[in-house]
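The values are calculated or read from the model by the stated rules, or taken from the named source; none is laboratory data. Values in this document were obtained by computation on a predicted structure and should not be read as measured data. Reconstructed Cβ throughout: ideal geometry from the backbone, glycine too, with neighbour counts over all protein chains shown.
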């Protein structure tokens, strides 16, 4: 039977338990719909009651542009080594441990500025499930291995390649790039990163075709 949105909600809900916090990862190539899926899960699971699901994207662990320039990585922004993967793994470990019983503040990412923002995302102690999303959750090199160790499950968003590229170009244009510049970036830096991500697909616990979410949008 085809996967449905209700299937996803039931599976995500089953990860959480009263005695421990669970963390669900959503992986996928740039533009594949990770944020759309994560936001859907958080919104639907929190509907009609006390919020118990939090959203912590990986993007808050982008290195700042000034550091990328210092390292000579400015033209590779978005590649695995342009993130603080060890810091991300440490935050996930802290979220899972719940040692202090206080609000945990995670960094966010400002799309207009294209910069991380410290302390932007509060995760209250009442959150029993954290949904985190990013490209490299399934990467098996460096500190990314420690990231995967903190995740109960990882779902992989999959979108037809022409549509993924179209959406990614449109996103870059929306946030300030000219069309030709956006296309060059998407088919260069972004495409190299997408190939790395696609190679991790088989390590996912579940593959979610983007058409599952599109069926919901068509009905709304």
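Observations
- Tally, over region 196-220, of residues that are at pLDDT 95 or above and assigned to a helix (DSSP H, G or I): 3
- Flag for residue 21 being over 25 Å from residue 158 (Cα atoms), touching a helix residue (DSSP H, G or I) at 6+ places or on another chain (Cβ under 8 Å), in contact (Cβ under 8 Å) with a residue 40 or more places away in the chain and buried (at least 17 other Cβ atoms within 10 Å of the Cβ): yes
- Matching residues in region 19-31 - criterion: being in a loop (DSSP other than H, G, I, E, B) and under 17 Å from residue 123 (Cβ atoms): 21
- Identity of the residue in region 103-152, part of a strand (DSSP E or B), closer than 18 Å to residue 64 by Cα and in contact (Cβ under 8 Å) with a residue 60 or more places away in the chain, that ends up nearest to the chain's Cα centre (by Cα): 121
- For region 32-50, the condition of being within 22 Å of residue 146 (Cβ to Cβ) and assigned to a loop (DSSP other than H, G, I, E, B) holds for none of the residues.
- Filter pass, residue 16 being over 20 Å from residue 172 (Cα atoms), buried (at least 19 other Cβ atoms within 10 Å of the Cβ) and at pLDDT below 95: yes
- Residue satisfying all of: in region 153-174; within 18 Å of the chain's Cα centre (by Cα) and not in a helix (DSSP H, G or I); surrounded by the fewest Cβ atoms within 10 Å (Cβ to Cβ) among these: 153
- Residue match in region 33-43 (condition: under 12 Å from the mean Cα position of the chain (by Cα), closer than 30 Å to residue 7 by Cα and free of Cβ contacts under 8 Å to residues at least 24 places away in the same chain): yes
- Residue in region 175-195 that is touching a residue at least 60 places away in the same chain (Cβ under 8 Å) and either more than 26 Å from residue 114 (Cβ to Cβ) or not in a helix (DSSP H, G or I) (or both) present: yes
- Scanning region 55-69 for residues that are within 10 Å of the chain's Cα centre (by Cα) and outside any helix (DSSP H, G or I) gives 55, 56, 57.
Condition check ((1) at pLDDT below 85; (2) over 26 Å from residue 5 (Cβ atoms)) across all residues:
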position: 139; (1), (2): no, yes
position: 145; (1), (2): no, yes
position: 148; (1), (2): no, no
position: 157; (1), (2): no, no
position: 164; (1), (2): yes, no
position: 171; (1), (2): yes, no
position: 176; (1), (2): yes, yes
